[in-house]
Amino acid sequence: MPLFQITGESLVSVEQTNFALEKELQKLIEQNLQVVFNCRFVASEFSTGPLHAGRIDSLALSEDNNPVIIEYKKVESSELINQSLFYLHWIQDHKGDFEMAIQRELGNGIEVDWSDVRVICIAPNYKKYDLHAVQVMGANIELWKYRLFKNGSIYLEEVFQATKVIAAPSSSEGGKNPIMVEAGKKAAQVRATATYDFEEHLTGKPSQIQSLMHGIREFIVGLDPAIEEVPKKYYIAYKISQNIACMEPQNRNIKLFLKLKKKDVIAPPPFYRDVSEIGHFGTGDAEFTLSSVEDFELMKPFIELAYNKIGG
């Protein structure tokens with residue numbers, strides 16, 4: 001993945017380098033968790049106790065209040081994945097330790113969502129055997145590669161994620177509406193530890209809302225194959241490194257929350273409002289309340305804007 005600097009009409013290749021110490025990579029990510037993964041920092045070098053004799057590089061809390069484990073390596077190493085699997089199982093058996101760390105760092109009143117534990121590995125590369133092993137195990141692990149360049153730039157790319165979304169087909173099938181044909185089927189896998197799925201949010205909704213939900217889903221996941229669908233109790237999140245959009249279906253309409261600031265929403269439609277100071281389930285400060293396909297067409301550019309803002 002070469003990086004080129006534009007000089008006039010010429011492209012000049014930027015030389016790669018690496019961190020002198022692994023700790024430098026860890027410190028950089030920890031100080032920029034909000035920017036990169038939209039997570040809140042909880043702890044660094046978190047001890048797993050004398051019995052397990054380990055230290056989790058970084059602990060964080062996601063925007064959906066899920067626990068986040070981050071492990072780093074400045075060289076290619078299978079040990080990174082093995083360590084991460086160990087810490088994933090450890091934290092599931094030591095929920096109280098994590099929740100106490102949350103209280104120390106972020107205060108009381110945060111309800112941790114244990115339906116999903118996010119594990120992020122960051123390294124310059126991975127062996128093909130490691131990628132295959134993680135896929136076969138079905139482990140809930142994200143593998144990210146980084147490249148550091150001498151001009152001070154760093155590039156992060158997700159090379160494996162636990163969940164892939166399959167969009168509903170757009171062609172007709174036997175004269176039936178393909179969206180409605182898919183409505184009763186399982187069209188997406190959810191994370192291994194999750195307890196919610198897309199179909200649960202369809203249940204009991206009018207056919208018009210179900211059709212609109214499928215249309216929104218198909219458009220968002222069609223923006224980028226890396227976009228992941230993560231159903232939660234009250235909404236469905238669509239994310240890459242962090243949430244881009246959250247869909248909250250209701251009986252008469254759908255609330256779609258986007259990761260946009262008020263200043264980003266220029267010439268908004270009448271069904272938009274700024275909810276940065278208003279409590280709501282989905283993440284994102286821009287709320288769009290959709291009742292029809294026409295509403296959805298008007299807000300498609302804002303979904304694309306939110307995707308571009310995240311850095312997709």
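For the stretch 279-312, the candidate set comprises residues that are closer than 13 Å to residue 258 by Cα and without any contact (Cβ under 8 Å) to a residue 40 or more places away in the chain; within that set, the residue that is most open to solvent (accessible area, probe 1.4 Å) is 308.
Each residue in the stretch 208-226 was checked for being surrounded by fewer than 21 Cβ atoms within 10 Å (Cβ to Cβ) and closer than 20 Å to residue 286 by Cβ, and 5 of them qualify.
Selection over the stretch 1-52 of residues that are modelled with pLDDT under 95, among the β-branched types (Val, Ile, Thr) and within 27 Å of residue 112 (Cβ to Cβ) gives a count of 3.
When residues in the stretch 39-63 are screened for being within 19 Å of residue 238 (Cα to Cα), open to solvent by less than 30 Å² (accessible area, probe 1.4 Å) and in contact with a Ser or Thr (Cβ under 7 Å, 6 or more places away or on another chain), 1 of them pass. Could you tell me whether residue 275 is surrounded by fewer than 20 Cβ atoms within 10 Å (Cβ to Cβ) and either on the phi > 0 side of the Ramachandran plot or of a type in the set (Val, Ile, Thr) (or both)? Criteria met by residue 275.
Within the stretch 15-32, is there a residue that is of a type outside the set (S, T, N, Q), at positive phi and more than 26 Å from the chain's Cα centre (by Cα)?
The answer is no, given that none of the residues of the stretch 15-32 is of a type outside the set (S, T, N, Q), at positive phi and more than 26 Å from the chain's Cα centre (by Cα).
If you go through the stretch 132-164 and keep only what is under 21 Å from the mean Cα position of the chain (by Cα), at pLDDT below 80 and open to solvent by less than 70 Å² (accessible area, probe 1.4 Å), you end up with 138, 139, 140, 160, 161, 162, 163.
The values are calculated or read from the model by the stated rules, or taken from the named source; none is laboratory data. These figures come from a predicted structure and were not determined experimentally. Glycine gets a Cβ as well: all are built from the backbone with ideal geometry, and neighbour counts include every protein chain shown. The accessibility values were calculated without ligands, DNA or RNA, using every heavy atom of the protein model including side chains. Shrake-Rupley method; radii C 1.70, N 1.55, O 1.52, S 1.80 Å.
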